[in-house]
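Read-outs: derived from the displayed coordinates by stated rules, not from any lab. Given the structure is predicted, the values throughout are model-derived calculations rather than measurements. Glycine gets a Cβ as well: all are built from the backbone with ideal geometry, and neighbour counts include every protein chain shown.
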Amino acid sequence: MTVSILEGLNTAQQQAVQVVDGPTLVLAGPGSGKTGVLVRRVAFLSDHVGIDLHNVLAVTFTNKAAREMRERIDALLGAGRAAALTAGTFHSLCARFLRRDIVHLSRERDFAIYDTDDQERLMKRVLKDLNLDDKKYPPRAIRASISSAKNELIDANQYAQQGRTYYDEIVARCFVHYQKLLREANALDFDDLLVETVRLFEQHPAVLEKYQTRYRYILADEYQDTNHVQYMLLKQLASKYRNLFVVGDEDQSVYAFRGADIRNIRYFENDYPEAKVILLEQNYRSTQSILDVAQSVINQSAKRMRDKNLWTENDRGTLVVLQEGYDQDEESYLVASEAARLLSSGDYQPGDIAVMYRTNAQSRALEEALIGRGLRYQIVGGTRFYERKEIKDALAYLRVAHNPADNVSLSRILNWPGRGIGQRTEDELGRWATKLGVPVYRALQKLKNPGGEELPPDTPIPFNARTQKALLSFMGLIDSFIAARHEHDLGGLMDVIFRTLEFESILIREHGEEEGRDRWNNVVELRNVAANYIHMPQESQLPTFLEEVALVSDLDSVRREQDTITCITLHQAKGLEYPVVFLIGLEEGLLPHSRSLDHMDALDEERRLFYVGATRAKERLYMLYAFRRTVFGRTNVSQSSRFLADIPKELLHHMPKRGYTDTQQTSMFTNRSSVNWTGSSTRQTHTEPSNATRGQEKQRTSLTANQPQAVAFFAGQKVNHAMFGEGMVVSSKLIENDEEVTVAFPGKGVKKLLASFANLERIE
């Protein structure tokens, strides 16, 4: 079996797979087969060394990666062998540990897990309780500050002590109250899953030793994207046997905004001086032309641990294409046109093509261009299934049935569907519960049976008879679902809730027949998920389902659709690959982003983001930028990305460049309809200038022999344009040696065009 485990691996991969004991760092370039190395090493430990997979822990970046690892291990070793392996993300693993041992921290095992939306809802309650203006102190910003502190293992008291500004003081107050409300609701947020596990291991060495003894061999993927608390978790678990095997690539560290700390991978050898370091440089994904372009950019990175030189046995392939569009609309038009040409050639399917960009806002012009060419596409990053309102509402009922102390979920469904409980009543109920020092559900219980537990004299019931009736009716509904939880399996409980609430009818009544049925179909799909848990003991089905739903990440939701072109941000594209990739918006202020321009570390991360995008391409890579771009309603002349200047000219196929104009600038403007991606043109064009002379080129004035003496177009005139279609002239004026025509194109916006080059056709 050992021979087959190593079969097909290159020398460096074999070396990594066969490491058994001691710390190991595998620096794996993009497309170098790192996933295969992780899988085969687990198989090697089991099959060749005789390690029980019960003693192996694998930390993956996504839940999907954990599932794929088990499937591939079973394919190597035989079905069912991977069942003994513990594999998952940091959050899913910590949730599992805490379900067993959080009692050591005086917490209950059936805690709820609050996702981002839940956290923001809770933060709004915090601000309201503290009488803070949520316009002045946005809940999302406060939550982000608290999350950053938790990632650094800074608690509320430490945060207050370290604060330097009045804003820090506000955050500290919110931090304390936020944690208090989480505890009252028996809930943990995503960050708490990790923080509480670290605290558990620190305060209870016997618990830590139990996990250290079990997990003698630890593997961690995407180590460059770990934050401080994740780093500490691995260090705690590996401290006894030091068999820590990490795979990563500092050149692909692009998640600093999520707390990722690139120093973790850079300082690995300081933490483990005896560590073996193995480089994976052979690329199995891309052509050498693509790799050379990506390598030329990343080589300029300031603080690389080691130089990795990517190489491949693949064909050299076609040159990477570089093209300038007039504005974001033409940039997108060029992408759509070339995508249509590739599809018509029969060499590619829509699912083979991806368009990548730095910010979500760039997708607007792209969508219009793709629609204009009749191309099917998907925008990755829209509303995820588990974030849809109807799904969140359904899940809230399930969560309250499981944990009635969950104030956030209870608040969500208090008046959905409408039962006459307004915002004022909800606020009053929250204040009353706070005064009583209990979760909202317990306050409702006191309202139901005030004689059962004597209320403090200063807390009279603050509701009139009608409001009390509505609240008690809601209380009865929740109690019936809590009882049903013990009587039915997960699917049966869902059926009871949906039937009792008349879920389908309400959705249709609220949203109309067509949209309502679409939303109901989503709820039905949620019900279908219950079938995945039918094999479990009944008492485990609901908590396991709720936990796994809460831990679904945005990266788990990225799906490849063969009949659609993928439009995706560069951050979301990490880990994916496509035969054809378009990188758009390669301009200063976009990539690199404007927020990074004054910070060397941030600028370096933008460089790595470019590298990640380029190395997603397998066969063809197109890079585009716009001469001018409209941002926040203002149109400005753009400057191409500084990263393009790092690429030797001979590595690129420069498409014929167009000259453009505004009231200060005029230059050659080739008819966009006459140019194709092979570089041929029916009109004369000038050659691409060097980056050094680009600024000078844009300042030149193009003189024509026949200068116009009067405008040829007038306001209200209908015209047709090769790309934008029919439009109406708004105004026209002579500028320097040409006529600038301002035209409004329905659905395309207002464009300023040079009459001598735009080839506008008058519509009589």
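Key figures for this structure:
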read-out: Length released on extending from Arg306 to Ala75, taking residue separation times 0.36 nm less the Cα-Cα span; value: 79.7 nm
read-out: Sites Ser594 and Glu281 - FRET efficiency at Förster radius 30 Å, r taken between beta-carbons, to 0.05; value: 0.35
read-out: Arg100/Asp52 FRET efficiency (R0 25 Å; Cβ-Cβ; nearest 0.05); value: 0.80
read-out: Glu577 versus Gln468: modelled label distance in nm, points set 7 Å from Cα along the beta carbon direction; value: 6.9
read-out: Prolate/oblate/rounded call for the stretch 298-339, Cα gyration tensor, a/c under 1.5 rounded; value: oblate
read-out: Protection proxy ranking of 54-65, 287-298 - average other beta-carbon atoms within 10 Å, highest first; value: 287-298, 54-65
read-out: Proximal lysines relative to Lys303, as straight alpha-carbon distance under 23 Å, when same-chain residues fewer than 8 apart are discounted; value: Lys34, Lys276, Lys574
read-out: Diffusion coefficient, µm² s⁻¹, Stokes-Einstein with Kirkwood Rh over alpha-carbon pairs of the chain at 10 °C and 1.306 mPa s; value: 54
read-out: Point-to-point label distance, Arg373-Asp110, nm (Cα→Cβ direction, 7 Å offset); value: 5.6
read-out: Computed lengthening from Ser540 to Glu510, 0.36 nm per intervening residue step minus Cα-Cα distance; value: 7.4 nm
read-out: For peptides 487-495, 208-216, 405-413, sequence by mean Cβ density within 10 Å, most packed first; value: 405-413, 487-495, 208-216
read-out: The stretch 461-482 versus the stretch 84-127: alpha-carbon centroid distance in Å; value: 29
read-out: Residues of type aspartates and glutamates that Lys210 reaches as a straight line, Cα spacing below 15 Å, ignoring anything fewer than 8 places off in the same chain; value: Asp101, Glu202
read-out: Those aspartates and glutamates that a straight Cα-Cα span of less than 18 Å connects to Lys136, excepting residues fewer than 8 apart in one chain; value: Glu120, Asp168, Glu169
read-out: Highest average packing first - 349-362, 464-477, Cβ atoms within 10 Å; value: 349-362, 464-477
read-out: Filtered chymotrypsin sites (Phe, Trp or Tyr not before Pro), the stretch 97-138: DSSP coil and at most 14 other beta carbons within 10 Å; value: none
read-out: Centre separation in Å (Cα based) which lies between the stretch 233-248 and the stretch 301-342; value: 38
read-out: Linear extension gain, Arg140 paired with Leu6, 0.36 nm per residue minus alpha-carbon span; value: 43.4 nm
read-out: Charge context of Phe713, other residues only, Cβ under 9 angstrom, K/R +1, D/E -1; value: 0
read-out: Relative contact order of the chain, pairs being alpha-carbon contacts under 8 Å that are 6 or more residues apart, as %; value: 14
read-out: FRET efficiency, Glu269 to His654 (Cβ-Cβ, R0 45 Å, nearest 0.05); value: 0.60
read-out: Environment charge at Asn636 (Cβ cut-off 9 Å; Lys +1, Arg +1, Asp -1, Glu -1); value: +3
read-out: Helical contribution to [θ] at 222 nm, DSSP H n ≥ 4, -39,500 (n - 2.57), averaged over the chain, rounded to 500; value: -13000 deg cm²/dmol
read-out: Net charge, Glu487 excluded, C-beta distance under 15 Å - Lys, Arg +1, Asp, Glu -1; value: -2
read-out: Length-normalised contact order for the stretch 1-139 - Cα pairs under 8 Å, 6+ apart - percent; value: 17
